[in-house]
Amino acid sequence: MTLTADGAITNALGAGSVNVITSGELIATANAGIGVSATALRTTIGSVQATNATNGGIYLAETDGLNVVGSGIQTQAANGPIAVTVANGNLVAGAAVSANGSGNVLLQATGTSSSSSDVLVTANVSSGSGDLSIIGNRNVVLAGANSASVAGTGGTIDVGPRRGPSRRMPHS
């Protein structure tokens, strides 16, 4: 499924309703944001690619497991933040997740299942100078030498399970 907007892609149904349902892939492209922090774009999808080109951020709330694929998830201007949460199941960042400038990145699996509430990062998660938070309810696995990076000064990287201590790594 492909969603393209010269403006924003928003959650017109409210915080409790699912906006996009497909067992396949969602490719979302916008110029003025995908979801907003107060009402993320709620999805039940298999995989996602999302790009926001001009201003605003990308806010996705997935109901079950999610794979980041293809061109990944990226904001290209205006310090756009990225927040992806998965309510049940695993979040797999198999393609890059990149926030422009001081945009922060949150990747989080919040499920309560003891067998599937992990975050697995096999591609780079980055920000120009913002903070990165990678949180799994059960586990977080960074499977690469450059799995999480902040290019500029000031940003921090927090990685850890929700049930245990996180690890804060200041960027130097």
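Bear in mind these aren't lab numbers, they're just calculated from the coordinates by the rules spelled out. Quick caveat: nothing in here was measured; it's all calculated off a predicted structure. A quick note on method: Cβ atoms are made from the backbone with ideal geometry, for glycine too, and the neighbour counts reach across all protein chains shown.
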Task: Ranked L13, L120, criterion: other C-beta atoms within 10 Å, fewest first - done: L13, L120
TODO: Evaluate 2.2 N^0.38 Å with N set to the residue count of the chain, then give the Cα radius of gyration divided by it.
DONE: 0.94
- [ ] With N denoting the number of residues in the range 52-128, provide Rg(C-alpha) divided by 2.2 N^0.38 Å, to two decimal places.
- [x] 1.07
Task: Residues with amide H under 5 Å from that of A5, placed H, sequence gap 5 or more - done: T29, A30, N31
Open item on the list: Given a Förster distance of 30 Å, report the FRET efficiency between A145 and T110 from their Cβ-Cβ distance, rounded to the nearest 0.05.
Closed with: 0.60
Task: GNM flexibility winner over the chain from G152, G111, G57 (Cα, springs under 10 Å) - done: G152
Task: Estimated FRET transfer efficiency when R0 is 22 angstrom, pair Q76-A38 (beta carbons, to 0.05) - done: 0.45
Task: Selection from L91, S133, V105, by position along the positive dipole direction of the chain (Cβ) - done: S133
Task: Alpha-carbon centroid distance for the pair the range 7-59 / the range 77-130, whole angstrom - done: 14
